[in-house]
Amino acid sequence: MPSRRELLRRAAIGVAVTTALGAGALAWSSTLLGEYSVMTMGVGHSGDTHAGYDGHAEHGTSRPGASAASGTAGDASDVDVTSLAADPDRPADVRVELVARQDTVEVSGGHPIEGYTVNGMSPGPELRARQGDLVEVALVNESVADGATLHWHGIDVPNAADGVAGITQDAVPVGGRHVYRFEATDAGTYWYHSHQVSHEQVEGGLLGAIIIEPASPADTAAGLEATALLHVYGGQHTLNGRVADERVDASPGETVRVRVINTDQGTAAVWSAAPFRVLATDGHEVNEPTDVDGQRLLIPAGGRADVAVQAPPGGEAARLHVGGARSILIGDPEASVPPAARQPSETLDLLAYGTQTPLSFDPATPERSFDYVIARRFGLIDGRPGNFWTINGRMFPDVPMFHVSEGDVVVMRIVNDSGDVHPMHLHGHHIVVLSRDGVAASGSPWWVDSLDVHPGESYEIAFVADNPGIWSDHCHTLGHAVDGLVAHVMYEGVSTPFTINGAAGNRPE
């Protein structure tokens, strides 16, 4: 029979184990998210100014006299995101109905996959509008079990039309319908995709291209054009939904504008044995582009680039490699096809490409300055253990809400202290790149909404807070967003009635 001392020792061990298990269970349960609002995320949501990374606060360091955003969680006087919409009395110039289905995607030239279609196909229909048009798109969810939305990637729509489940709307349930209205303000190459369970629905094909044509053709516009939407379906690299190259009929000397859209989760390379020019990045024209020869152009996940390729004289077509596995062949349909060219090892530096031109604002005197420092560490998110992403040293949902006031000039330093490439995407705004690793931009203003930040790199970017709302600012490698690499830009006096993980089933990432 155990001695009294042994019994006491065993009892003490039992108490210690029970206490440790209880503490562990409490710590685990404290990470469960349940239903939540982005209004309560981060450390700065209640108007406090807890210091963030390197002494910066989520309200931002600001110049003297700049107003501070309230950051309150749903004040009665706040503007509801649903009211930040296009003019309801203006008739639409372009009307489209898009029907989303959970479906078998028939990949032309490849094997079918279980995924999603829009109007019975993937990619969905290419939408076209002219600059200044009022676009109205009705999304009908016929059979997407988790619900669906449409996000207009790269188009600076009013916040109500942003299509992010749990922030700007509820996910559209099976049998439901939701109408998006926005003015096609900026000409360029864009795309649409679901922002509900986006890491599954985008990969599965719930997406398509949208092109906004200029009100009057730009000087750099080519006479002919082609869309090159890149997507991988179940390991099959496709160009416009086909496992095949595509030909563009062009006479010798004619220039073709190729609109490359990278809808995948990684960087896409574009190159050619013959010189080409980069006309636009993410819908913004390059000022005085020059020939790119012996270099590749890299396009981030979610990014776009318009490139100009000239049909050569003689009996051979030009080959523009898009994404590595596929090509656009430009020239006479009967012309011989040139062999594949080796991908150049040298990358075009868009920081120094084209010719400088003044910005419409002065980033040297910003109202707000923020840090967005990406790293990772082990921990728990929603009870799930893993090696998760951190922003300014903090893990989701305790990540920054970057508070701004309308009209602010905002400068942000994005630092990648992790080992992965992160294609960072800010909704509702375009940003201009000021510098990389301390080297100032010297070419045409490099405007983007999707920016690859490589391991060890540091970018300084700027934008004007001219589109009120609550906007996601996340990595477009969508699995990274699921693991916490998502923050938000929040305007003073704006709130949302929508929640995530509630009865509506909103799961934006």
Hey, residue 406 out of contact with any Ser or Thr (no Cβ under 9 Å at 6 or more places or on another chain), at pLDDT 95 or above, over 19 Å from residue 371 (Cβ atoms) and surrounded by fewer than 23 Cβ atoms within 10 Å (Cβ to Cβ) or not: yes
Failed condition for residue 226, given (1) surrounded by 24 or more Cβ atoms within 10 Å (Cβ to Cβ); (2) touching an Asp or Glu at 6+ places or on another chain (Cβ under 9 Å): (1)
Search result, residues across the range 152-196 that are hydrophobic (A, V, I, L, M, F, W, C) and either assigned by TED's automatic domain parsing to the domain that holds residue 284 or surrounded by 24 or more Cβ atoms within 10 Å (Cβ to Cβ) (or both): 152, 155, 157, 161, 164, 165, 167, 171, 184, 191
The range 290-300: number of residues that are more than 14 Å from residue 261 (Cα to Cα) and not in a loop (DSSP other than H, G, I, E, B): 2
Residues located in the range 360-397, provided they are open to solvent by 30 Å² or more (accessible area, probe 1.4 Å) and more than 27 Å from residue 409 (Cα to Cα): 376, 377, 378, 380, 382, 384, 385, 387
Contacts under 6 angstrom Cβ, first residue in the range 352-374 being more than 20 Å from residue 465 (Cβ to Cβ), partner among the acidic types (Asp, Glu), 6 or more apart: 354/288; 355/288
Criterion violated by residue 332 - all others in (1) surrounded by fewer than 21 Cβ atoms within 10 Å (Cβ to Cβ); (2) closer than 25 Å to residue 264 by Cβ satisfied: (2)
The range 99-149 - residue that is on the phi > 0 side of the Ramachandran plot and in contact (Cβ under 8 Å) with a residue 24 or more places away in the chain and, of those, least open to solvent (accessible area, probe 1.4 Å): 147
Yes/no for residue 453 being closer than 25 Å to residue 306 by Cβ and in contact (Cβ under 8 Å) with a residue 60 or more places away in the chain: yes
Positions within the range 99-139 being part of a strand (DSSP E or B), under 22 Å from residue 182 (Cα atoms) and of a type outside the set (A, V, I, L, M), in sequence order: 128, 130, 136
The range 52-98, subset at pLDDT below 95 and assigned to a strand (DSSP E or B), residue most open to solvent (accessible area, probe 1.4 Å): 61
Flag for residue 421 being open to solvent by less than 20 Å² (accessible area, probe 1.4 Å) and either at pLDDT 95 or above or more than 22 Å from the chain's Cα centre (by Cα) (or both): no
Elements of type strands (runs of 3 or more DSSP E) contained in the range 301-411, each with 2 or more residues being of a type in the set (Val, Ile, Thr) and in contact with a strand residue (DSSP E or B) (Cβ under 6 Å, 6 or more places away or on another chain): 304-310, 326-331, 368-381, 384-391
Residue check for residue 233: open to solvent by less than 10 Å² (accessible area, probe 1.4 Å), touching a residue at least 40 places away in the same chain (Cβ under 8 Å) and closer than 23 Å to residue 431 by Cβ: no
Entirely in the range 238-284, the strands (runs of 3 or more DSSP E) that have 2 or more residues that are modelled with pLDDT of 95 or more, crowded, with 19+ Cβ neighbours inside 10 Å and not aromatic (Phe, Trp, Tyr): 255-262, 268-272, 277-281
From 297, 320, residue being over 30 Å from residue 465 (Cα atoms), surrounded by 18 or more Cβ atoms within 10 Å (Cβ to Cβ) and modelled with pLDDT of 95 or more: 320
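The values are calculated or read from the model by the stated rules, or taken from the named source; none is laboratory data. Note that this is a predicted model, so its numbers are computed, not measured. Cβ sites come from the backbone with ideal geometry, for glycine too, and all protein chains shown count toward neighbours. Note: areas computed on protein heavy atoms with side chains; ligands, DNA, RNA excluded. Shrake-Rupley method; radii C 1.70, N 1.55, O 1.52, S 1.80 Å.
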